[in-house]
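Notes for the one structure printed next.
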Amino acid sequence: MVRVDHAGEYGATQIYRGQLDVLGRRRSAGEIRRMAETENRHLARFEELLHERRVRPTLLYPLWSVAGYALGVTTALLGERAALACTVAIEDVIDEHYQDQAEALDDSDPELRQAILSFRDDEIAHRETALAQGAEAAFGYDLISAAIRTGSRVAIWLSTRF
Ligand SMILES: [Fe+2]
Ligand SMILES: [Fe+2]
């Protein structure tokens with residue numbers, strides 16, 4: 001769990017890095033920057049957990065670096081709303097993913113469960129922010145959303161195994 005979550009939060013920081021490199025001076029940049037800061041905090045916490053528990057990071061780290069950044073740049077080039085649509089799609093998948101993990105952990109690991117549930121609240125807030133900023137009005141919203149959801153699920157599957 002720590003491995004896949006660490007990979008996911010790292011991917012999130014790379015996505016926002018890519019989006020901010022394109023949209024850094026636009027109206028939506030403030031919101032994106034705030035979301036990126038939360039992801040940096042999530043990543044730092046999972047990095048701690050990774051070290052404390054001697055968990056090997058995903059072997060796919062270099063892939064998530066490139067894929068996350070590329071996804072950020074691509075969605076941002078499609079426009080501010082597409083960038084926000086990316087957040088909605090990912091946070092939907094992560095909300096479910098963290099929920100499933102918290103349920104699986106139950107009372108076996110309060111420290112990890114607490115981190116996961118608190119981060120899940122942050123991800124839900126990101127989704128709400130992106131929706132409030134007009135994500136669903138993005139051109140090709142359904143297509144972008146479906147593609148990114150599938151991609152995120154594949155990334156979770158891979159990072160759990162490798
Ligand atoms: Fe996060
Ligand atoms: Fe998030």
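The values are calculated or read from the model by the stated rules, or taken from the named source; none is laboratory data. Because the structure is predicted, anything quoted here is derived from the model rather than measured. Glycine also receives a Cβ, built like all others from the backbone with ideal geometry; neighbour counts cover every protein chain displayed. Heads up: the accessible areas ignore ligands, DNA and RNA and are worked out on the full protein's heavy atoms, side chains in. Shrake-Rupley method; radii C 1.70, N 1.55, O 1.52, S 1.80 Å.
To keep it simple, each residue is scored yes or no on (1) within 13 Å of ligand 2 (Cβ to nearest atom); (2) in contact with a Leu (Cβ under 7 Å, 6 or more places away or on another chain); (3) among the charged types (D, E, K, R).
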residue	(1), (2), (3)
Gly11	yes, no, no
Gly30	no, no, no
Glu48	no, no, yes
Ala67	no, no, no
### Query
In the list Tyr141, Tyr61, which residue meets the criterion of being more than 13 Å from ligand 2 (Cβ to nearest atom) and at pLDDT below 95?
Tyr61
### Task
Go through the residues of the range 37-46 one by one and say whether even a single one is away from ligand 1 (no atom under 12 Å from the Cβ) and either among the acidic types (Asp, Glu) or buried (at least 16 other Cβ atoms within 10 Å of the Cβ) (or both).
no
### Message
Of everything in the range 1-30, what is away from ligand 1 (no atom under 15 Å from the Cβ) and open to solvent by less than 50 Å² (accessible area, probe 1.4 Å)? Give them in sequence order.
### Response
Gly18, Leu20, Leu23, Gly24, Ser28, Ala29, Gly30
### Query
Looking only at residues in the range 28-58 that are free of Cβ contacts under 8 Å to residues at least 60 places away in the same chain and part of a loop (DSSP other than H, G, I, E, B), which one is nearest to Ala125 (Cα to Cα)?
Pro57
### Query
Here are some conditions: (1) of a type outside the set (D, E, K, R); (2) under 23 Å from Phe162 (Cβ atoms); (3) open to solvent by 30 Å² or more (accessible area, probe 1.4 Å); (4) within 14 Å of ligand 2 (Cβ to nearest atom). Phe119 meets all but one. Which one does it not meet?
(3)
### Task
Inspect all residues belonging to the range 93-112 and state whether any of them is within 10 Å of ligand 2 (Cβ to nearest atom), buried (at least 17 other Cβ atoms within 10 Å of the Cβ) and farther than 16 Å from Arg45 by Cβ.
no
### Message
Consider the range 133-146. How many of its residues are of a type outside the set (Asp, Glu), assigned to a helix (DSSP H, G or I) and open to solvent by 90 Å² or more (accessible area, probe 1.4 Å)?
### Response
1
